[in-house]
Amino acid sequence: MIALASPLAQFRVHETEIRAAIDRVLTANTYILGPEVAAFERAFAGYCGASHAVGVANGTDALILAMRALGIGQGDEVITVSHTALATVAAVVAAGATPVLVDVDPVYYTINPAGIEAAITDKTKAIIAVHLYGQAVDLPAIQAIARRHGLKLIEDCAQATGARLGDKVLGSMGDVGCFSFYPTKNLGGIGDGGMIVTSDQAVAERVRRLREYGWNEKREAQEIGVNSRLDALQAAILGVKLPHLDADNKRRAAIAARYDAGLAGLGLTLPAVRPGGRHVYHLYVLACGDRDGLQKQLAADGVGTGIHYPLPAHLQQGYESLVRLPKGGLPVTTALVFRILSLPMYPELGDEDAKRVVDAVRSRCKGAAAPRGIPATAL
Ligand SMILES: *Cc1c(COP(=O)(O)O)cnc(C)c1O
């Protein structure tokens with residue numbers, strides 16, 4: 001069976017270094033925050049080209065604390081997409097704000113700037129731009145909207161660690177960038193972890209307080225916070241992996257290029273890469289009319305696949321009543337759900353296995369020209 005992702009394969013590659021890092025933490029007598037976390041925060045901020053990085057417990061908390069540090073909460077509206085990991089929308093709810101969900105564009109599947117403009121009200125405080133599947137949203141257009149309307153821009157980089165737009169690393173261009181180190185993400189820990197990066201010192205300092213009950217350096221609370229700390233083991237392990245991130249992302253792109261070449265001309269919609277961006281392929285997501293049939297066939301052929309995501313946030317129980325949608329609904333989001341399929345993608349996936357994936361898809365799909373994006377007839 002070829003897995004969709006394999007954090008274990010990555011552990012094997014770096015096993016000696018990771019075991020040494022774990023050993024170092026075991027005898028350091030500091031297991032939460034401390035010098036290991038501070039060192040990784042410095043390394044990660046440097047990598048992103050931001051002045052500050054603050055480690056937190058997971059990517060969802062990174063989003064929640066970013067919103068809180070920007071002063072967003074009860075009564076405020078935050079514009080984002082329904083076509084994302086539920087975590088994005090759950091974070092807005094947890095921060096006390098109202099998620100206003102707009103549609104994605106039919107080619108890149110990322111937030112449609114035109115939808116943002118139409119959704120802005122006098123309660124709108126921020127946009128969460130999700131760099132979905134590993135590539136940038138239309139950042140220049142979104143930055144312009146944020147500037148024009150005085151909105152904060154939060155980049156949800158959970159799927160795009162190391163991705164770039166021009167020569168800039170994603171996460172460094174909004175007010176705050178939020179990252180997840182969930183084991184299958186491009187930079188994955190061996191457990192939960194998250195990070196915010198920002199070049200706004202006040203925001204960084206506030207997240208530092210919020211992640212520990214609201215404490216300042218004297219351990220006196222100035223406001224109510226939570227417990228959302230990064231632990232030293234995760235920081236040490238992530239510190240081992242960070243220097244390999246660019247090479248890992250390159251390998252992901254090389255696998256994607258093999259898929260692109262091998263799957264052309266089969267009537268499948270292959271991932272579109274935004275010009276000027278570097279896609280890091282957290283996921284390789286194709287689209288086709290007979291998705292369920294293809295997925296079943298691949299499972300029979302020993303190829304693991306996934307659907308990201310099978311149920312948009314606005315249709316999830318408990319959330320549907322809390323979100324606001326545009327008048328026309330979310331036609332692209334809704335159409336995507338039935339068409340998208342994620343193929344195996346992780347840096348350690350070998351060429352042989354990539355070819356097996358291609359052959360399995362080819363044996364199922366024959367003929368027909370490849371449409372670009374979701375066909376209008378599907379909307
Ligand atoms: C994974 C993910 C998150 C949440 O990260 P966790 O570490 O799992 O809390 C948020 N947004 C997106 C787009 C994600 O893929």
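See the values below:
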item	result
Exclusive hit being more than 12 Å from the ligand (Cβ to nearest atom), on the phi > 0 side of the Ramachandran plot and surrounded by fewer than 20 Cβ atoms within 10 Å (Cβ to Cβ), set G162, G150	G150
Residue among A257, A235 that alone is in a helix (DSSP H, G or I), buried (at least 22 other Cβ atoms within 10 Å of the Cβ) and not β-branched (V, I, T)	A235
Within the stretch 18-42, tally of residues that are more than 16 Å from R211 (Cβ to Cβ) and buried (at least 16 other Cβ atoms within 10 Å of the Cβ)	3
In the stretch 260-283, the residues that are surrounded by 18 or more Cβ atoms within 10 Å (Cβ to Cβ) and touching a Lys or Arg at 6+ places or on another chain (Cβ under 8 Å)	L263, L266, T269, G277, R278, V280, Y281, H282
Residues of the stretch 260-289 satisfying the condition of being in a helix (DSSP H, G or I) and in contact with a helix residue (DSSP H, G or I) (Cβ under 7 Å, 6 or more places away or on another chain)	G262, L263
Top-ranked residue in the stretch 178-226 [being charged (D, E, K, R) and within 16 Å of the ligand (Cβ to nearest atom); ranked as most open to solvent (accessible area, probe 1.4 Å)]	D192
Some residue of the stretch 90-98 being within 15 Å of V176 (Cα to Cα), in a helix (DSSP H, G or I) and at pLDDT 95 or above	yes
Residue match in the stretch 309-316 (condition: surrounded by fewer than 16 Cβ atoms within 10 Å (Cβ to Cβ) and of a type in the set (A, V, I, L, M, F, W, C))	yes
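For every residue, the table says whether it meets (1) of a type in the set (A, V, I, L, M); (2) touching a helix residue (DSSP H, G or I) at 6+ places or on another chain (Cβ under 6 Å); (3) within 12 Å of the ligand (Cβ to nearest atom).
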| site | (1), (2), (3) |
| --- | --- |
| V89 | yes, yes, yes |
| Y108 | no, no, no |
| Y133 | no, no, yes |
| V137 | yes, no, yes |
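The values are calculated or read from the model by the stated rules, or taken from the named source; none is laboratory data. Just so you know, these numbers come straight off a predicted model, no measurement behind them. Methodologically, a virtual Cβ is constructed for each residue, glycine included, from the backbone with ideal geometry; neighbour enumeration extends over all protein chains shown. Keep in mind that these areas ignore ligands, DNA and RNA; they rest on the heavy atoms of the full protein, side chains included. Shrake-Rupley method; radii C 1.70, N 1.55, O 1.52, S 1.80 Å.
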